[in-house]
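Have a look at the structure below, then the notes.
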Protein chains: 2
Amino acid sequence: MPVTDEAIEKIKTMIVSGELGPGDRLPKEADLAERLGLSRSSLREAVKALSLIRVLDVRQGDGTYVTSLAPDLLLDALGFVVDFHRDDTVLDFLEVRRILEPAATAMAALAMPEAEIVALGGVLAELGEEPTVEALVANDLDFHRRIAAGSGNPVLCSLIESLSGPTARARIWRGLTQEGAVRRTREQHQAIYEAIASRQPEVARSWATVHIAGVEEWLRTMLGSAEGALTSAEVNGSGKRSAQDRP
Amino acid sequence: MPVTDEAIEKIKTMIVSGELGPGDRLPKEADLAERLGLSRSSLREAVKALSLIRVLDVRQGDGTYVTSLAPDLLLDALGFVVDFHRDDTVLDFLEVRRILEPAATAMAALAMPEAEIVALGGVLAELGEEPTVEALVANDLDFHRRIAAGSGNPVLCSLIESLSGPTARARIWRGLTQEGAVRRTREQHQAIYEAIASRQPEVARSWATVHIAGVEEWLRTMLGSAEGALTSAEVNGSGKRSAQDRP
DNA sequence: TCGTGACGAAAGGTCGGATGTCCTGTGAGG
DNA sequence: CCTCACAGGACATCCGACCTTTCGTCACGA
């Protein structure tokens, strides 16, 4: 095994074993390199890799730290991975969403705090009559994100968010708007919201299923008929590397 | 943005845009470094990071290649991330499994080929009367893995497999402590198998839910009473880095 | 003709040091 | 007491050299 991979494993072990806890600072590069028995260059490769998946947080001029290791932070790296998938696997991802989102929606109907439900309604209301595509996508993302968060399970929330990556959603929406299905989507959003607000988990679950199944079905026929009409990489360079937490 | 991160984005773009397809070979480090406008060292950090999440496959003496980008390969990296989570989030993961596995089981009851069902029964049969804990866990993992694969959705399958990691050690502990857990688990496995074999998706779904909810409930009470009894890093060094595919 | 083994080019693996850039604590000065 | 410039520490980047592995080539022998 290359020394770099070995270093990755050792650092991982240091964290999992509890020797390094969330927020702890690692020894400086030179010291850690000596301790692990490799050069700084190789160590930096290991650190970079662990940094990509949000396990380590390097701050120039300061030091290298272990992140909070919160589920949302680590699962966030999943979004990076999802971006790589081509259109022929989008349906598989959507199918998983059709499993997860209804479940999350039902959970939200039971667990979501009143204040959050009010805010959820506000999201629907703040969308005008003739929204731009960008506003529509942002609004849709916000709506589903709040519901996922309302499930009370951070793992489930992050998973859903990662799977409905901005790329895929933007692509889908682009097509949906052209089909003029905006109205139906808004009606379904409204129905989901009302089911949650009235604390009816099964109704909420069903509407969520209907909602996603609709997108799924549309995409299925779309991929079947207009082969190649949907190209990848229409929306890139998002570079959403934000919510690093620094204790 | 650091040049290394920039390089990661550029390589990602090259892949997502189709300039580099699965199996394609990247220019050699020196050339690619020059093309992207950075040093070989920095480029190597980027490559190492992309290699960790299975996007690139570096082969010494040969070259660097884009992997197949298959969902199972990329989601496999999720397992690495999941390993970092502490026990206080295990319940969240288990809850997600309680959503995904029943759905996968129901799908398997409809889609699993006869030959695979026979093999599934074989897995149950090959476990002796007095299995070791290790054999039990391995058998359990195999059983659930086959069902997940039987769903016909590779994304769902990989996701379940990745999420099963942290709960594995919990199951080990359970097998060691709880009386009758082994017998009950085997009965439930048998019931799940029979439901699949007789093509009854709803029965299969219910048994799977019961099965996982049982583990969940046990773990919940266990974490409540014996706080801190479950230490992390009981099972480490797995380092399952195997199924690299080289076209 | 075919198999085999040695050779060498090519590519990644590792290393250590030099220099640039950024953050932070600290102490002089107002 | 507050402000700001300075010095130290730590990461960022680059460079160039050398090692290791892989694979294609080619000559040799069966």
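The values are calculated or read from the model by the stated rules, or taken from the named source; none is laboratory data. Since we're looking at a predicted model, the values are computed, not measured. Cβ atoms come from the backbone with ideal geometry, glycine included; neighbour counts cover every protein chain shown. Heavy atoms of the whole protein, side chains included, go into the accessibility calculation; ligands, DNA and RNA do not. Shrake-Rupley method; radii C 1.70, N 1.55, O 1.52, S 1.80 Å.
Among residues of the range B:28-42 that are within 12 Å of DNA strand C (Cβ to nearest atom), those with a beta-carbon under 7 Å from a residue that is part of a loop (DSSP other than H, G, I, E, B) at least six positions away or on a different chain give the pairs B:Leu32/B:Leu26; B:Ala33/B:Ser39. Scanning the range B:1-27 for residues being within 9 Å of DNA strand C (Cβ to nearest atom) and free of Cβ contacts under 8 Å to residues at least 40 places away in the same chain gives a total of 1. Just one of the listed residues (B:Leu74, B:Leu78, B:Leu100) is at the interface with chain A (Cβ under 9 Å from one of its Cβ atoms) and modelled with pLDDT of 95 or more, namely B:Leu100.
Candidates are the residues of the range A:130-152 that are over 17 Å from A:Pro201 (Cα atoms) and of a type in the set (D, E, K, R); the one that is modelled with the highest pLDDT is A:Arg145.
One line per residue, one yes/no per condition, for (1) among the hydroxyl-bearing types (Ser, Thr, Tyr); (2) surrounded by 17 or more Cβ atoms within 10 Å (Cβ to Cβ); (3) in the same structural domain as B:Arg184 (by TED's automatic domain parsing):
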position: B:Ser42; (1), (2), (3): yes, yes, no
position: B:Gly79; (1), (2), (3): no, yes, yes
position: B:Asp92; (1), (2), (3): no, yes, yes
position: B:Leu110; (1), (2), (3): no, no, yes
position: B:Glu134; (1), (2), (3): no, no, yes
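Scan the range A:43-66 residue by residue and report those that are near DNA strand C (Cβ under 7 Å from one of its atoms) and among the hydrophobic types (A, V, I, L, M, F, W, C). Of everything in the range A:43-66, nothing turns out to be near DNA strand C (Cβ under 7 Å from one of its atoms) and among the hydrophobic types (A, V, I, L, M, F, W, C).
Quick check on A:Ile172: is it open to solvent by less than 40 Å² (accessible area, probe 1.4 Å), assigned to a helix (DSSP H, G or I) and modelled with pLDDT of 95 or more? It is false that A:Ile172 is open to solvent by less than 40 Å² (accessible area, probe 1.4 Å), assigned to a helix (DSSP H, G or I) and modelled with pLDDT of 95 or more.
The criterion of being closer than 29 Å to B:Met14 by Cα and at pLDDT below 90 does not hold for A:Leu127.
Condition first: within 22 Å of the chain's Cα centre (by Cα), basic (Lys, Arg) and more than 7 Å from chain A (Cβ to nearest Cβ). Now tell me which residues in the range B:40-59 satisfy that. Scanning the range B:40-59 gives a single hit, B:Arg54. When the range B:66-76 is filtered for residues that are assigned to a helix (DSSP H, G or I) and either among the aromatic types (Phe, Trp, Tyr) or open to solvent by 10 Å² or more (accessible area, probe 1.4 Å) (or both), the ones remaining, listed by number, are B:Pro71, B:Asp72, B:Leu73, B:Asp76. Just one of the listed residues (B:Asp24, B:Asp62) is over 27 Å from B:Arg220 (Cβ atoms), away from DNA strand D (no atom under 14 Å from the Cβ) and either more than 8 Å from every other protein chain (Cβ to nearest Cβ) or surrounded by 20 or more Cβ atoms within 10 Å (Cβ to Cβ) (or both), namely B:Asp24.
Of all residue pairs spaced 6 or more apart or on separate chains, those with beta-carbon atoms under 7 Å, a first member in the range A:209-225 that is free of Cβ contacts under 8 Å to residues at least 24 places away in the same chain and a second member that is in a helix (DSSP H, G or I) and not charged (D, E, K, R) are A:Val210/A:Gln188. Just one of the numbered conditions (1) facing chain A (nearest Cβ under 7 Å); (2) part of a helix (DSSP H, G or I) is not true of B:Phe84: (2). If we keep just the residues of the range B:1-21 that are more than 7 Å from DNA strand D (Cβ to nearest atom) and open to solvent by 30 Å² or more (accessible area, probe 1.4 Å), which is farthest from A:Phe84 (Cα to Cα)? So the residue we want is B:Met1.
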